[in-house]
Amino acid sequence: MTPLEPGRVAPGLQRAVRARGIELVPPVPPADDSLSRPPSAVDIWADRVFRHGARVIAWGTVALALHIVWSIAIVAAPSVREHGFALVTHSTWDANRGEFGILPAIVGTLYTSALGLTIGTMFGVAVAIFLSEGFLSSGVEALLRVLRVAEHPFWVRLPGAIEDALRATVELLAAVPSVVYGLWGIFVVIPLVRPVADWLHGHLGWIPIFGTTLSGPGILPASLVLAIMVLPTISAISRDALSEVPPKLREASFGLGATRWETILGVIVPTASTGIFGAVILGFGRALGETMALAMLAGNANVMSWSMFSPANTLAALLANHFPEAGKVEVGALMYAALVLLGITLLVNVIGTTIVQRADARLKGLR
């Protein structure tokens, strides 16, 4: 038997196939794929340059961070030797008498950041659920059906356009300068919340968090503005985490008889909790380091109070307000405060990363 050439069909098989009305498609010859050839000398050289360049940039980033910490530590060293841990536990800052204490600033930093993060997380996760679950587009579609224009070629694109516009608006909040937020807080937020604060103090003043009046800048206005500043970060990352939840989990929940909100709160949000918590940690880092808005809204007072209406101070605001006119001794104390702020930020990120990794390991089987 004579062997057939590659790509040809036996005549008998060809006649039988044609008799049944089946059309044979000739095989496609293999394409000349450049990926199948071995790498050239230029490819190998480019790969090595990229690999070593990426390694240099990575280690350079680590070296730069260590250099920043070392530079601050060198300037802060005299103050560390002179004051020791007492600078962290004292509450008086008087450069004329050589008394430096940052305890009120530490408390104010943690208080304003925690309160602002709590408010920002509630609204950020709510916005993420609202956008990822399509509540806005569903509502617009229902309105268009009521108006009987839902099938019109122009109006059919409106729900998606409005949702995209809302998403872009929330993300654009991150581009507003912090000094603009500070001015907005002074002229809008403080006059807006002062009547409510006075009412709460007059009727519920026996509760520590309402124990003082709001005379102007204070913890509550600063925290409200801080919540708006961390909102874009939390909402964007949380929305991505919610969108990555496998559809099979949603379908399984519906199959078991759960309602839409039972599925969202009982299945989708817990499954995406790792990404949501990561967004909260990033927002917390942003809140800890915020400077100008808090310098304008916190009150710059070295006092410690449970009241949300009391003025306060933060470490970043302390650095911004005192550094321009500081002498050599005060600069060392300010650098000490900068080291404490770096330590707090590092500790928050380490704890957050550890929690995220453990939560991700527990939820790995669901993804």
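The values are calculated or read from the model by the stated rules, or taken from the named source; none is laboratory data. The model shown is predicted, which means the values in this text are computed figures rather than measured ones. Neighbour counts are summed over all protein chains in view; Cβ atoms, including those assigned to glycine, are modelled from backbone coordinates with ideal geometry. What goes into the accessible areas is simple: the full protein's heavy atoms, side chains included, and nothing from ligands, DNA or RNA. Shrake-Rupley method; radii C 1.70, N 1.55, O 1.52, S 1.80 Å.
Residues of region 63-81 that are open to solvent by 70 Å² or more (accessible area, probe 1.4 Å) and among the aliphatic types (A, V, I, L, M): 64, 66, 68, 74. A residue that is within 15 Å of residue 276 (Cα to Cα), open to solvent by less than 40 Å² (accessible area, probe 1.4 Å) and either at pLDDT below 85 or not in a helix (DSSP H, G or I) (or both) can be found somewhere in region 341-355.
Here is the figure for region 139-169: residues that are charged (D, E, K, R) and either within 24 Å of the chain's Cα centre (by Cα) or surrounded by 13 or more Cβ atoms within 10 Å (Cβ to Cβ) (or both) total 4.
Each residue in region 170-211 was checked for being open to solvent by less than 70 Å² (accessible area, probe 1.4 Å) and farther than 17 Å from residue 287 by Cα, and 18 of them qualify.
With respect to being under 30 Å from residue 105 (Cβ atoms) and either among the hydrophobic types (A, V, I, L, M, F, W, C) or outside any helix (DSSP H, G or I) (or both), residue 249 falls outside the description. Residue 321 versus (1) polar (S, T, N, Q); (2) under 21 Å from the mean Cα position of the chain (by Cα); (3) open to solvent by 40 Å² or more (accessible area, probe 1.4 Å): which is the lone unmet condition? Only one criterion in (1) polar (S, T, N, Q); (2) under 21 Å from the mean Cα position of the chain (by Cα); (3) open to solvent by 40 Å² or more (accessible area, probe 1.4 Å) is unmet by residue 321, namely (2). Within region 108-139, the residues that satisfy the criterion of being in contact with a Phe, Trp or Tyr (Cβ under 9 Å, 6 or more places away or on another chain) and among the hydrophobic types (A, V, I, L, M, F, W, C) are 114, 117, 129, 136.
The condition of being in a helix (DSSP H, G or I) and surrounded by fewer than 22 Cβ atoms within 10 Å (Cβ to Cβ) does not hold for residue 301. Looking at region 276-292, can you tell me whether even one residue there is modelled with pLDDT of 85 or more, in contact with a Ser or Thr (Cβ under 9 Å, 6 or more places away or on another chain) and assigned to a loop (DSSP other than H, G, I, E, B)? The answer is no, given that none of the residues of region 276-292 is modelled with pLDDT of 85 or more, in contact with a Ser or Thr (Cβ under 9 Å, 6 or more places away or on another chain) and assigned to a loop (DSSP other than H, G, I, E, B). Looking across region 212-249, just one residue is open to solvent by less than 70 Å² (accessible area, probe 1.4 Å) and basic (Lys, Arg), and that is 239.
Taking the condition in a helix (DSSP H, G or I), of a type in the set (A, V, I, L, M), touching a helix residue (DSSP H, G or I) at 6+ places or on another chain (Cβ under 8 Å) and over 30 Å from residue 224 (Cβ atoms), does residue 144 pass? Against the criterion (in a helix (DSSP H, G or I), of a type in the set (A, V, I, L, M), touching a helix residue (DSSP H, G or I) at 6+ places or on another chain (Cβ under 8 Å) and over 30 Å from residue 224 (Cβ atoms)), residue 144 qualifies.
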